1. Note down all Cβ pairs under 8 Å where the first residue falls in segment 216-228 and is without any contact (Cβ under 8 Å) to a residue 60 or more places away in the chain and over 22 Å from Glu239 (Cα atoms), the second is open to solvent by 10 Å² or more (accessible area, probe 1.4 Å) and aliphatic (A, V, I, L, M), and they're at least six residues apart or on different chains.
2. Restrict the check to segment 66-79 and report whether at least one residue is aromatic (Phe, Trp, Tyr), closer than 26 Å to Phe195 by Cα and within 17 Å of the chain's Cα centre (by Cα).
3. Which numbered condition in (1) at pLDDT below 55; (2) more than 24 Å from the chain's Cα centre (by Cα) is the only one that Pro144 fails?
4. Filtering segment 1-36 down to residues that are touching a strand residue (DSSP E or B) at 6+ places or on another chain (Cβ under 8 Å), open to solvent by less than 30 Å² (accessible area, probe 1.4 Å) and not aliphatic (A, V, I, L, M), which residue is modelled with the lowest pLDDT?
5. Which one of Arg212, Arg218, Arg234 is over 11 Å from the mean Cα position of the chain (by Cα), surrounded by fewer than 17 Cβ atoms within 10 Å (Cβ to Cβ) and within 30 Å of Pro144 (Cβ to Cβ)?
6. When Glu42 is evaluated against the numbered criteria (1) modelled with pLDDT under 90; (2) assigned to a helix (DSSP H, G or I); (3) more than 26 Å from the chain's Cα centre (by Cα), which criterion, by number, is the only one it fails?
7. Take the residues of segment 9-39 that are outside any helix (DSSP H, G or I), among the charged types (D, E, K, R) and over 20 Å from the mean Cα position of the chain (by Cα): which is nearest to His78 (Cα to Cα)?
8. So how many residues does segment 43-58 have that are out of contact with any helix residue (DSSP H, G or I) (no Cβ under 9 Å at 6 or more places or on another chain) and open to solvent by 50 Å² or more (accessible area, probe 1.4 Å)?
Amino acid sequence: MPASSGNGAVTRSTLRQQIADALRDEVLAGRLQPGQEFTVKEIAEQYGVSATPVREALVDLSAQGLLEADHHRGFRVHEYSLADFRGMIEARGLVTDGMFHGLAKGLAAGPAGGGTGRGAGGRMGGFASDSPGPRGFFVRVGDPRAAAALAGVRRRGEEARRAATAGELNILIGYDLRFWRELGALFGNQYLTDFLHRLRVQSWVCAVQHLRRIADLRGHLWSDHTEVVDALTRRDLAEAHRIVDAYDAHSLALIEGLANGPAGPAGHSDLAPDGGEDKEKKQNENDNEKDDGVTAAAGDGGNGGTAG
């Protein structure tokens, strides 16, 4: 049974969603460990609610891949493997590439009547200017609503940067999920947005069990969110790709190193600064002393990269 976070009983207006969100946060915070089991009754008693909304919330989390249902023993937190994490990184990279590719097509395409400006029917880039469309947000060049929405996403990135710099993993995860969800929503495809959000939640769930082994995360967490927004604002798709690709490559190297490498009692890993691991050298060093932490660059500016 998960330990209570001290928030008290949830209100009854949106019980199903509140319980699902609370339990998801417990998993992301590492308070619910992979493989940990609990029952509907235990959760209902913890939050002081009936079994029905709890059962619905647990079924929702199971559908999202965070829990596993056992009809005889209740539910358990899903245990992700390194192979799962590799698949998540590849999948979210493909989704992001598709978003950026759609942006490129939207900017390059002209209205049905030819040219690059607005055509008959108030269309730009082949889509109605007042309709989101598959790539609608960025197609609506010059729309003040577009600029305001993009500025909002950038503010999420700024908050994520502050959390990363301070090493506040829980806060970073919250802002990171909001950042990518809102950025994905700008492309006007709810299915894509929901899929990317689910991938990012799962990748964070997989990563936190390893990141918690690092005693001090300051300087190790990825904080280039605003750089992604700035590149997209400039329509510099190559730079946006480079930033995200470097982030994904480092995420994979970091988690593989933490999962496969030894960790000392203080939670430090023997992962080399470039994200790889010089096993022979580290073995010799470990005979005499502990390594002092994990550092890795993820793009320009020396920002560390987190795996979420």
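1. Arg218/Ala166
2. Just the residues of segment 66-79 that are aromatic (Phe, Trp, Tyr), to begin with: 75.
Subsequent filtering for residues that are closer than 26 Å to Phe195 by Cα retains 75.
Filter once more, so that each one left must be within 17 Å of the chain's Cα centre (by Cα): none.
Looking for residues that are aromatic (Phe, Trp, Tyr), closer than 26 Å to Phe195 by Cα and within 17 Å of the chain's Cα centre (by Cα), one finds none in segment 66-79, hence no.
3. The single condition Pro144 does not satisfy is (1).
4. Among residues in segment 1-36 that are touching a strand residue (DSSP E or B) at 6+ places or on another chain (Cβ under 8 Å), open to solvent by less than 30 Å² (accessible area, probe 1.4 Å) and not aliphatic (A, V, I, L, M), the one modelled with the lowest pLDDT is Pro2.
5. Numbers: Arg212 fails: within 30 Å of Pro144 (Cβ to Cβ); Arg218 fails: within 30 Å of Pro144 (Cβ to Cβ).
Exactly one of Arg212, Arg218, Arg234 is over 11 Å from the mean Cα position of the chain (by Cα), surrounded by fewer than 17 Cβ atoms within 10 Å (Cβ to Cβ) and within 30 Å of Pro144 (Cβ to Cβ), namely Arg234.
6. (1)
7. Initial filter on segment 9-39 (outside any helix (DSSP H, G or I)): 9-14, 29-39.
When the remaining residues are screened for being among the charged types (D, E, K, R), the result is 12, 31, 37.
With over 20 Å from the mean Cα position of the chain (by Cα) added as a condition, the list becomes 12, 37.
Details: Arg12: 27, Glu37: 10 Å.
Selected residue: Glu37.
8. 1
The values are calculated or read from the model by the stated rules, or taken from the named source; none is laboratory data. Note that the structure is a prediction, hence the values are computed from the model and not measured. Ideal geometry is used to build each Cβ from the backbone, glycine not excepted, and the neighbour counts take in all protein chains shown. The accessibility values were calculated without ligands, DNA or RNA, using every heavy atom of the protein model including side chains. Shrake-Rupley method; radii C 1.70, N 1.55, O 1.52, S 1.80 Å.
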